[in-house]
Amino acid sequence: MENNPYAAPAAVVDDASAWDAYDLENRKAGRGKRLGAALLDGVVSLIWLAPVFWAGYMALDVRKGIKPAGPMIALMLLGLALMITIIVVNCLMLHRSGQTIGKRAVDIAVVRTDGSPIGLGRYIFLRVVPVLILGMIPFVGKAVNLIDPLLIFGKEKRCLHDLIADTIVVDA
């Protein structure tokens, strides 16, 4: 076979969406990034409370007869609208890319352990709800709420909710 210096290069191109287990292991997000994403998600989730607290402050003045109740109701409705908007945006982002607002900001995503997308149903019903329900059980809930985040310090860097939902968090 002759080597033609003018031929197109023969490169093997792998499918970008197909990750093997070794690649996923190397792409696992660091603990600091996961903490940063959780903190950002917490701050974003609390944005809707600002108008509600303002309305509560106004309610104190309404009792004194200083301000009308109309703006107070408008602020409560604004808070409700913001809460619904944040939930819908996070659900859409989770469905499309496995990311929340905080995860997108620090460039990490949640995927299944085989590298496939997580899906919104799996995220809600296997990643959020079980830990939430376990957390409501007296005595057991306190242990679960402590163990869940502490498991990230294990060799696999996976929390309890990751183990239940068969997910990992990777660098996007």
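The values are calculated or read from the model by the stated rules, or taken from the named source; none is laboratory data. Note that the structure is a prediction, hence the values are computed from the model and not measured. Neighbour counts run over all protein chains shown; Cβ positions are idealised from the backbone, glycine included. The accessibility values were calculated without ligands, DNA or RNA, using every heavy atom of the protein model including side chains. Shrake-Rupley method; radii C 1.70, N 1.55, O 1.52, S 1.80 Å.
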Extension gain, PHE139 back to ASN4 (0.36 nm per residue minus Cα-Cα distance, nm): 41.2 nm
Sparse-neighbour loop sites [trypsin sites (Lys or Arg not before Pro); segment 66-172; at most 10 other C-beta within 10 Å; DSSP]: LYS155
LEU163 versus ARG112: modelled label distance in nm, points set 7 Å from Cα along the beta carbon direction: 2.1
Contour minus Cα-Cα distance for VAL44 and ILE87 (0.36 nm per residue): 14.5 nm
Residue-averaged [θ]222 nm for the chain, counting only DSSP H segments that reach four residues, each worth -39500 (n - 2.57): -17500 deg cm²/dmol
Of all accessible heavy-atom area on segment 18-172, the percent that carbon and sulfur account for (1.4 Å): 73
Relative contact order [Cα under 8 Å, 6+ residues apart], segment 76-134, whole percent: 24
Cβ-Cβ FRET estimate between PHE53 and SER97, R0 fixed at 22 Å, reported to 0.05: 0.10
Residue-normalised accessible area of the chain, expressed per residue, 1.4 Å probe, Å²: 66
Set LYS28/LYS155; LYS103/LYS142; LYS33/LYS155 screened for pairs whose C-alpha atoms are more than 20 Å apart: LYS103/LYS142
